[in-house]
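Where a number appears in this text, it was derived from the coordinates with a stated rule and is not lab data. Because the structure is predicted, anything quoted here is derived from the model rather than measured. We place every Cβ from the backbone using ideal geometry, glycine too, and count neighbours over all the protein chains shown.
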Amino acid sequence: MLLLLLLLLLLLLLLLLLLLLLLLLLLLLLLLLLLLLLLLLLLPLLLLLLLLLLLLLLLLLLLLLLLLVLLLLVLLPPPPPPPPPPPPPPPPPRLLLLLLLLHPLLLLLLPLLLLLLLLLLLPLLLLLLLLLLLLLLLLLLLLLLLLLLLLLLLLLLLQLQLLLLLLLLLLLLLLLLLLLLLLLHHHHHHHHHSK
């Protein structure tokens, strides 16, 4: 009898812990949803700004390129005809010179392009995280239900009517929550496929 009571106490503690974990997960899910919503609302604006910045940089790059080409044309005279005996070293290729002069600008463009890519991928990553959290929540709920059933069996053995009643109510509540989550998941899946 004492052993059964101890077991009951342990199960109740475990149940409380699981419920807390469930609550935390639900909060996290809510936060993620809010973040996703915010991101989807702000994304067009951010993308527009980034594209404008990229265009501006490209224009700057083109202007600089034109300037450098002009400079190279002015500064680099055509090489004189070489005398027959010692051939002079060939002048450095103009393209290489251009690249050397332009590489800081190209380095500036690269992070911007990466940022643009990240902004496009972020909602997708958040959605994946959201789905993972939903799955975790479902698993946790199933675990909770199993624990509750175990507790009910124990209570039947101990014949504690009041606790039994309370647990039955909790079980019903959890089953409803589980059903709701499954429906949500199914609806999301269906919506995703219909797109």
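Protection proxy ranking, highest mean first, for peptides 56-64, 7-15: 7-15, 56-64, where packing is the per-residue count of other beta-carbon atoms within 10 Å, averaged. Potential lengthening of the chain between L157 and L26 amounts to 43.8 nm, from the contour at 0.36 nm per residue minus the alpha-carbon distance.
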